[in-house]
1. At a Förster radius of 35 Å, what calculated FRET efficiency corresponds to the Cβ-Cβ distance of residue A:10 and residue A:382, to the nearest 0.05?
2. Note the full-extension length gain between residue B:134 and residue B:233 as 0.36 nm times their separation in residues minus their Cα-Cα distance, in nm to one decimal.
3. How high is the relative contact order of the stretch A:342-405, given as a whole-number percent (alpha carbon pairs under 8 Å, six or more residues apart)?
4. Just to check I understand the Karplus step: with θ = phi - 60° and J = 6.51 cos²θ - 1.76 cosθ + 1.60, what whole-Hz values come out for the stretch A:395-404, glycine and proline as x?
5. Place a label point 7 angstrom from the Cα of residue A:104 along the Cα-to-Cβ direction, then list the residues of the stretch A:124-140 whose backbone nitrogen is under 13 Å away.
6. If packing is taken as the mean number of other Cβ atoms within 10 Å per residue, what is the order of B:242-250, B:121-129, highest first?
7. If I model a spin label at residue B:42 and residue A:63 as a point 7 Å from the Cα along the Cα→Cβ vector, what separation in nanometres do I get?
8. Between residue B:196 and residue B:280, what length comes free when the chain is fully extended (0.36 nm per residue of separation minus the Cα-Cα distance, one decimal in nm)?
Amino acid sequence: MGGYFDEMFSEDGSWRGPYQDIGQWFNSQDASRLRAKHREAEQVFRLTGITFNVYGKTEAEERLIPFDIMPRIISGREWQRLEKGIEQRVRAINAFLHDIYHRQEIVRAGRVPAEMIAGNEAFLPQMLGVSPPGQVYTHIVGIDLVRTGPDEFFVLEDNARTPSGVSYMLENRETMLKMFPDLFTVNKVRNVSDYPRNLRRSLAACAPAWASGEPTVAVLTPGIYNSAYYEHAFLADQMGVELVEGHDLRVHEGRVCMRTTRGYQPIDVLYRRVDDEFLDPLNFNPDSALGVPGILDVYRAGGITIANAPGTGIADDKAIYSYMPEIVEFYTGEKPLLKNVPTWRCSDPKSLSYVLDHLSELVVKEVHGSGGYGMLIGPAASKKELSAFRNKLKARPSNYIAQPTLSLSTVPILARSGLAPRHVDLRPFVLVSPDEVKITPGGLTRVALKKGSLVVNSSQGGGTKDTWVLED
Amino acid sequence: MLGKTAGGLFWMSRYLERAENTARLLETGQRMALTRSHSSEEEWASVLKTAGVYDGYLAKYDEVTKDNAIDWVLRDADNASSIRSVIKQARDNARLVRTALTHDVWGAVNSTWMQIDTIMKRRINERDLPNTLELVRQQAALVRGATLGTMLRNDIFDFTRIGNFIERADNTGRILDVKYYVLLPTAFSVGSSLDNVQWESILRSVGAGGGYRMTHGQKTSPSEIAQFLILDQRMPRSLHFCCRKIQENLTYLEKDYGFSGPACEASNKLFDKYLGRTINDIFDLGLHEYIEDFLSDLGHLSAQIEVDYRFYE
């Protein structure tokens with residue numbers, strides 16, 4: 001398998017520990033029937049409207065994220081270790097955000113350079129001195145993990161703004177339960193379906209302190225043409241709260257209110273799925289039609305909780321990422337439990353020259369990019385692409401970071417020819433409230449469906465798998 | 001409930017009703033064109049007028065032909081009221097208010113759009129037209145069934161029903177508006193075969209042929225048809241029936257919300273003004289004027305509902 005760690009099969013071709021039971025099951029199945037089941041699942045997705053919109057296509061084309069029926073399985077023991085590491089990292093991220101928007105001790109201590117903060121587009125000066133309820137900045141976090149060996153996990157990326165994909169995690173499980181109920185009697189798989197309930201509870205726990213009774217929660221979406229609209233509607237529906245757009249809201253007597261059939265009603269907690277920049281045309285992008293004029297002023301005065309807080313992007317910025325080991329240690333006093341991928345910051349001239357010399361071995365990413373756009377995978381790039389990228393790098397070095405090409409682990413998918421290994425990553429979802437850090441067992445496994453491909457993003461032809469954490 | 005959600009439900013429902021009515025109109029049009037001996041252009045022009053898309057058609061085409069008329073009413077993206085366009089809009093509104101719909105209703109609306117979008121990618125030839133229109137009517141029935149069978153009887157349901165019946169009243173009204181002259185008791189209409197075909201077509205275009213025969217037997221007269229379409233209390237597409245439903249659902253909202261806005265009052269007035277009469281009174285007043293005034297007042301009622309329940313900012 002070309003030196004990649006396969007999570008399902010050992011080198012001798014036998015099923016690995018967590019996959020023992022499903023291996024037996026799989027061997028007793030008829031492959032053509034399984035494929036028929038697979039098509040059935042896609043039809044269900046289409047009818048339910050579990051789609052994402054692709055930008056730049058005519059009439060906002062809606063596509064399915066391909067779903068593979070072979071689950072990705074994590075043992076209980078493996079998960080416990082990951083969970084500890086994730087919790088440590090998420091606590092550090094929140095402490096870092098509080099510090100950055102208050103005294104900036106970490107800068108004073110010389111652990112993170114001042115220009116990394118002040119000169120960063122993701123840093124919001126409007127947030128200076130603002131303390132959100134419970135000092136929670138990132139109510140919902142997605143930590144992208146990759147694996148390269150039996151015990152080798154790395155954090156590839158922290159998503160501290162508006163991580164998406166949790167609806168796929170939930171729907172994938174529902175689909176598997178419907179299609180293969182027998183599998184879940186053999187395997188003891190930890191439940192994920194209480195995520196929406198936990199999300200609502202977690203958000204409610206972050207309501208402004210003066211809010212009495214059951215807080216009013218709402219989900220803010222950019223609208224039906226947004227790529228993740230399905231997920232916004234799904235979460236609002238599952239939580240039993242309103243799904244609002246900017247034009248449903250207005251600021252009235254120091255509160256953010258939604259226009260209902262009986263008049264304006266104040267909101268206590270807004271789970272926004274709109275980027276910072278578009279949140280408030282008075283305070284940020286004046287052309288934004290997605291936001292609510294004046295919402296930031298209400299927020300700063302404590303009149304509403306916004307989840308995630310504005311300005312959290314400073315913690316998941318790709319340039320800041322390279323400081324995460326220092327950040328974790330600075331705020332927790334512990335060594336990081338989860339490893340960072342070694343990262344070269346191209347703003348540093350020495351690193352830049354190394355990166356330029358080794359371009360064909362490295363992955364280069366834009367500091368503010370996401371979705372797999374604008375990145376170079378050295379080993380897969382043509383000479384022409386490499387030289388074009390070299391020019392981009394020289395022109396704006398501080399816009400890029402570089403990392404070694406990781407040997408991402410594989411988990412087989414059910415292909416036409418049978419099981420075929422494909423590279424995967426994992427995005428566990430974390431809920432943070434003043435009381436606890438809650439991590440849903442598993443998360444979303446994204447899989448690169450093209451043979452040999454390392455890009456798992458759904459916008460670039462990636463698919464998903466149901467992810468199981470076993471009760472050991 | 002969000003005002004926007006109320007609006008989304010209202011329009012989802014109006015658009016679905018419109019799709020079904022337009023399908024029925026096309027069916028009747030095709031049948032008329034087939035049964036009539038002289039040129040069918042006039043009949044297609046009348047279909048275009050009843051569907052309220054005649055001006056748009058003339059902006060695109062120079063003359064009325066069967067094929068172009070069918071394509072325009074059925075699937076032209078430039079026509080915001082084509083069957084394909086209104087089903088798309090119904091589905092967009094359903095997506096907007098997804099959280100208010102049951103799984104079954106959403107699934108029915110979504111599958112309607114998926115099927116229509118697939119078969120309407122290409123022009124539909126005349127031979128396939130009946131099956132296509134049948135599909136539209138079946139899907140509309142599926143959505144209605146899911147709505148009646150799975151939705152809570154709360155404000156969500158009320159707005160869905162209000163949209164439904166405003167659209168339906170508007171449709172029956174427009175059929176009468178375009179065809180009123182056929183129903184006038186003039187000296188010349190003494191039941192020629194041409195008249196019989198015309199009368200039959202009016203009943204067909206509101207799917208009421210069977211219902212009419214059940215209540216009136218074979219005897220067809222213009223004033224009885226007019227009476228049936230306007231004042232009958234049990235015919236689900238009569239103006240009386242639709243306005244009664246609008247009134248009822250507004251009353252439920254009034255009770256639920258504990259306030260009564262101008263729209264409630266307008267719906268009561270509408271009912272009293274137009275439906276508390278006999279068909280002879282209506283003919284004395286002038287059928288055409290009566291229908292025109294009714295459609296205009298219905299339009300005002302619809303606009304008032306949007307204001308009272310804050311559909312928009």
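1. So the FRET efficiency works out to roughly 0.50.
2. 32.9 nm
3. Once normalised by length, the contact order is 50 percent.
4. Per residue, the Karplus-derived 3J(HN,Hα) values read 5, 9, x, 6, 7, 10, 10, 10, 9, x Hz.
5. A:124-129
6. Going by the mean number of other Cβ atoms within 10 Å, highest first, we get B:242-250, B:121-129.
7. Result for the modelled spin labels: 5.4 nm.
8. Gain in length upon complete extension: 28.1 nm.
Laboratory data are not the source of any read-out in this text; all were calculated from the coordinates shown. Please read these numbers as outputs of a predicted model, since none were measured by experiment. Cβ sites come from the backbone with ideal geometry, for glycine too, and all protein chains shown count toward neighbours.
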